[in-house]
1. In a helix (DSSP H, G or I), of a type in the set (S, T, Y) and surrounded by fewer than 21 Cβ atoms within 10 Å (Cβ to Cβ): does that describe A:T142?
2. B:S152 passes all but one of (1) more than 11 Å from every other protein chain (Cβ to nearest Cβ); (2) surrounded by fewer than 19 Cβ atoms within 10 Å (Cβ to Cβ); (3) touching a Leu at 6+ places or on another chain (Cβ under 7 Å); (4) assigned to a helix (DSSP H, G or I); which number fails?
3. For segment A:35-50, which positions are surrounded by 11 or more Cβ atoms within 10 Å (Cβ to Cβ) and farther than 15 Å from A:G120 by Cα?
4. Confirm whether A:I175 is touching a helix residue (DSSP H, G or I) at 6+ places or on another chain (Cβ under 6 Å) and at the interface with another protein chain (Cβ under 8 Å from one of its Cβ atoms).
5. Consider B:M206 carefully, then state whether it is surrounded by fewer than 19 Cβ atoms within 10 Å (Cβ to Cβ), over 25 Å from B:F42 (Cβ atoms), modelled with pLDDT of 90 or more and under 24 Å from the mean Cα position of the chain (by Cα).
6. Here are B:F38, B:F55, B:F42: which of them is in a helix (DSSP H, G or I), in contact with a strand residue (DSSP E or B) (Cβ under 6 Å, 6 or more places away or on another chain) and open to solvent by less than 30 Å² (accessible area, probe 1.4 Å)?
7. Tell me whether segment B:72-84 contains one or more residues that are open to solvent by 60 Å² or more (accessible area, probe 1.4 Å), more than 29 Å from B:K162 (Cα to Cα) and assigned to a helix (DSSP H, G or I).
8. Are any residues in segment A:196-205 more than 9 Å from every other protein chain (Cβ to nearest Cβ) and either at pLDDT 95 or above or surrounded by 14 or more Cβ atoms within 10 Å (Cβ to Cβ) (or both), and if so, which ones?
Amino acid sequence: MLFLRQVFTIAAKDLRSELRTKEALNASLAFALVILLLFSFAFDANPEMMREISGGLLWLVFAFAGALILNRSFARELVNDCLDALISSPVPGAALFLGKVLANYVLLLGIEVVCLPIFGVFYNVRWAQQPLWLALVLVLATWGVCVVGTIFSALTVNLRLRELMLPMLVYPMLIPCLMAAMMLTTPLLAGQPIQGDMFAWLRLLVGFDIIFTSLAVVLIDTVLIG
Amino acid sequence: MREKTLYGLGALAIALLTHNIWKMLVNLPDEAFQGAIFRIIFFHVPAAFTCFTCFLVSLIAGISYLKTRDLKWDALGVSTTEVGLAFGAANLLTGMIWARIIWGIWWTWDWRLTSMLICWLLYGGYLVLRRAIEEPTERARLSAVMSILSFSVVPFVFFSIKWFRTQHPQPVLYGDGKMDSGYRSMLYGNWVPILMVAFVLVAVRMMQERRQREVDALRRSAHAF
């Protein structure tokens, strides 16, 4: 019980400080829009093409936008040695980590919810045909992105070139998760429900989330404290 | 003494490899469909096995470092990862040459090719991460974590990419695949010296790491005066 309260306290703290400054949120939303715009030059956005690649495009945007949020997650605590204060506070490392994951999760989900209709308008995709399945995929895959991203945010927080290191290390790690999300999202945006073989991808997402959440919780004390 | 044994082992491995190459070129007949080029399999497959053996040892070294905090495990971790990457590159390159001749293309996004490339990039990230950290114990700690995380992604990579259509041939050593016994014994016979080369490289690299630590310690004590 106490553990959960600590998780929520950390998450609320992070969300509050982010919503007051909106620095990561604005940057990542603007970045997502710019990428959406750039895609229009990369290919001819006709309906057949969009049916084939919409899931991939969308998750690339989310992955890029997510990297900006994840970068800030621990870097924000460097000023005034806040990170040291957090580590020496009675909150266990796992609660600190899960709180941060939760805050990033809410922010990234928010960005995704804003990006979806914009994507739908710009690329003429009727994205809301399978809302429940789509929500499930977003919820599962975004959790995977946030868990892996946050542990790497902690891992790279003290490094030179932190902003470069994080995406370089995180994207290869995220490939299974992003691939499953892309494979599931493309047919969902085309209006087909999840059926048959596609449940394998859903299982992969669930497995990825469970294994990396537990691994990260086990390893976070080593990463943060030593 | 230890160094001499190592170099002896290396020389033995090279002698064995030369002997194998001679046997491959002279004794073994060409494969029915592929002709002479199929012989690249005797390097392509053992290189992949060696690469994964190295990554497995690197995982064990990572866990052992976190348990014992002994820097020799870190040295083992970095040495095996570097050597594993070299053999991974050998596997990718020989595969590309083979693909160019048999398929007519250097690369295709087939699951076996893609998964190997992803593994290679993951462990490449491990080396980049090490580069960015100055302090030895912090570097050892974070690289151990990175090694554990990388290795746990690998099964997922293989899992997920398996569900794509595949151009790469099925495994010939296990499962439904079959291979002529002469070819098979050559494949394993060539894996032994390649593994020996990997072992020598890892040992030499570990010696380098140890000397690096000695140099660092000397430098620190010189600065202390």
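The values are calculated or read from the model by the stated rules, or taken from the named source; none is laboratory data. Since the model is a prediction, treat every value here as computed from it, not as a measurement. All Cβ positions, glycine included, derive from the backbone under ideal geometry; neighbour counts span all protein chains shown. Just the protein is used for accessible areas: all its heavy atoms, side chains included, with ligands, DNA and RNA removed. Shrake-Rupley method; radii C 1.70, N 1.55, O 1.52, S 1.80 Å.
1. Details: in a helix (DSSP H, G or I): yes; of a type in the set (S, T, Y): yes; surrounded by fewer than 21 Cβ atoms within 10 Å (Cβ to Cβ): no.
No, not satisfied.
2. Unmet for B:S152, out of (1) more than 11 Å from every other protein chain (Cβ to nearest Cβ); (2) surrounded by fewer than 19 Cβ atoms within 10 Å (Cβ to Cβ); (3) touching a Leu at 6+ places or on another chain (Cβ under 7 Å); (4) assigned to a helix (DSSP H, G or I): (1).
3. Listed by number, the list holds a single entry, A:F43.
4. Details: touching a helix residue (DSSP H, G or I) at 6+ places or on another chain (Cβ under 6 Å): yes; at the interface with another protein chain (Cβ under 8 Å from one of its Cβ atoms): yes.
Answer is yes for this residue.
5. Working: surrounded by fewer than 19 Cβ atoms within 10 Å (Cβ to Cβ): yes; over 25 Å from B:F42 (Cβ atoms): yes; modelled with pLDDT of 90 or more: yes; under 24 Å from the mean Cα position of the chain (by Cα): yes.
When the stated conditions are applied, B:M206 passes them.
6. Working: B:F55 fails: in contact with a strand residue (DSSP E or B) (Cβ under 6 Å, 6 or more places away or on another chain); B:F42 fails: in contact with a strand residue (DSSP E or B) (Cβ under 6 Å, 6 or more places away or on another chain).
Result: B:F38 is the single residue among B:F38, B:F55, B:F42 that is in a helix (DSSP H, G or I), in contact with a strand residue (DSSP E or B) (Cβ under 6 Å, 6 or more places away or on another chain) and open to solvent by less than 30 Å² (accessible area, probe 1.4 Å).
7. Yes, segment B:72-84 contains a residue that is open to solvent by 60 Å² or more (accessible area, probe 1.4 Å), more than 29 Å from B:K162 (Cα to Cα) and assigned to a helix (DSSP H, G or I).
8. Residues of segment A:196-205 more than 9 Å from every other protein chain (Cβ to nearest Cβ): A:196, A:198-199, A:202-203, A:205.
Correct list: A:M198, A:L202, A:L205.
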